[in-house]
Amino acid sequence: MAEEGKFKVSIDGISVEVAPGTTILNAARQIGGDIVPPAMCYYSKLEGSGGKCRTCLVKVSKGSEKDPRPMPKLVASCRTTVMDGMEVENITSPEVLEARKSVVEFLLINHPLDCPVCDQAGECKLQDLSYEHGTGHTEFEFAKRTFERIDKGDKIQLHMNRCILCYRCVYVANQLTDSREHGVIGRGIHSEISTYIEKALHNDFIGNVIDVCPVGALTDRTFRFKNRVWFTKPVDAHRDCPTCSGKVTLWYKGDEVLRVTGRKDEFGEVEEFICNTCRFDTKQTTDWTLEAPTPVDDRSVIAANHYYQFNPPAVIHTDKKLQEANEEQLARTERLK
Ligand code: SF4
Ligand code: FES
């Protein structure tokens, strides 16, 4: 029995009790780990987001305690709320995994495979999704639609070829800034993100469109082509900012701050949106109070070259040469901490 006022739901056999009105996706996030469905368009901090990309599809094998019939079709977990006694299958359902493959193929119909030259490589949700659920081929035989790159002001560039029309950037503009300057125009294959009359995006919080874009469609012009993300070192820092919380991640190459972003949580969402001044105009270490290296998921390529989490095995070699090599390795690890 669920605690009073709570609904008990099971996802891939793991039970959790959540408040009525919670979506399946957020119930899964409360459990955490691999059973959390991927989400390319839902963003918990943006009201109304979700329901666009279908990557979060799950199977409801039991509707509720009162009505145990399964749902006839796979459902978008970011838009479906839980019922008491509901049973959901995600990674345990071959049907869901097969459908997710098709969704990835669909998202890649128009998305170019230009990861080697894309600034988002290494932190792109679509790239991760393709590795996990992509197929080696596509049944789409037509030419991909293409667009010219457009500078949206001096700080942001839109590369519409890569956009998957998740609408997150539109919600950022609607909900975080004083005036709405862009949206989606056109229908179907003609849909595109546009500022209507090519106006620049210059609101104080508009830089957050870069952080919420799950692919490399909206990029930071002050960082473009400066480096690959896995060669940089993220460090959490803060400053006394009159406009936002001032809590950011600084991305270092040597002593140089190459870019500033909001801090992201385990689901890749920004914890607190930051202002344009923090993001674009304060790139000196002296502008910031440094806290600690940003925790990076060790499955991420960003974790490459960051040896501070490396725990060397406590092997004692009897051979003198090997022992010296071992000591040298330990000393090197110590220096890199
Ligand atoms: S530009 Fe990025 S954030 Fe905006 S709709 Fe396209 S993919 Fe989503
Ligand atoms: S995350 Fe649910 S439909 Fe996109």
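Of note:
For every residue, the table says whether it meets (1) crowded, with 19+ Cβ neighbours inside 10 Å; (2) closer than 17 Å to V301 by Cβ; (3) within 16 Å of ligand 2 (Cβ to nearest atom).
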position: L126; (1), (2), (3): yes, yes, yes
position: F142; (1), (2), (3): no, no, no
position: E148; (1), (2), (3): no, no, no
position: Q157; (1), (2), (3): yes, no, no
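- Residue among W251, W230 that is among the aromatic types (F, W, Y) and at pLDDT 95 or above: W251
- So L25, is it buried (at least 17 other Cβ atoms within 10 Å of the Cβ), more than 16 Å from ligand 1 (Cβ to nearest atom) and within 18 Å of the chain's Cα centre (by Cα): yes
- Across segment 66-86, the qualifying residues are those that are assigned to a strand (DSSP E or B) and either of a type in the set (D, E, K, R) or more than 6 Å from ligand 2 (Cβ to nearest atom) (or both), and the one among them that is farthest from K125 (Cα to Cα) is M86.
- Within segment 47-63, restricting attention to residues that are within 16 Å of ligand 1 (Cβ to nearest atom) and not charged (D, E, K, R), the residue that is nearest to G188 (Cα to Cα) is C53.
- Of residues in segment 116-171 being at pLDDT 90 or above, among the aliphatic types (A, V, I, L, M) and assigned to a loop (DSSP other than H, G, I, E, B), the one nearest to the chain's Cα centre (by Cα): A121
- Taking first residues from segment 156-175 that are closer than 16 Å to L126 by Cα and partners that are more than 14 Å from ligand 2 (Cβ to nearest atom) and among the small types (G, A, S), the Cβ contacts under 7 Å between residues at least 6 apart in sequence or on separate chains come to H159/G216; H159/A217; M160/A217; R162/G216; R162/A217; C163/A217; L165/S191.
- Lone unmet requirement of (1) within 21 Å of the chain's Cα centre (by Cα); (2) more than 21 Å from M160 (Cα to Cα) for V257: (1)
- Qualifying residue in segment 166-175 (condition: of a type in the set (K, R) and either in the same structural domain as K52 (by TED's automatic domain parsing) or touching a Phe, Trp or Tyr at 6+ places or on another chain (Cβ under 9 Å) (or both)): yes
- Criterion (under 30 Å from F273 (Cα atoms), away from ligand 2 (no atom under 16 Å from the Cβ) and surrounded by fewer than 17 Cβ atoms within 10 Å (Cβ to Cβ)) met by exactly one of G63, G33, G51, G13: G33
The values are calculated or read from the model by the stated rules, or taken from the named source; none is laboratory data. Treat the numbers as computed from the prediction; the structure is a model and nothing was measured. No Cβ is skipped: glycine too gets one built from the backbone with ideal geometry, and neighbour counts run over all protein chains shown.
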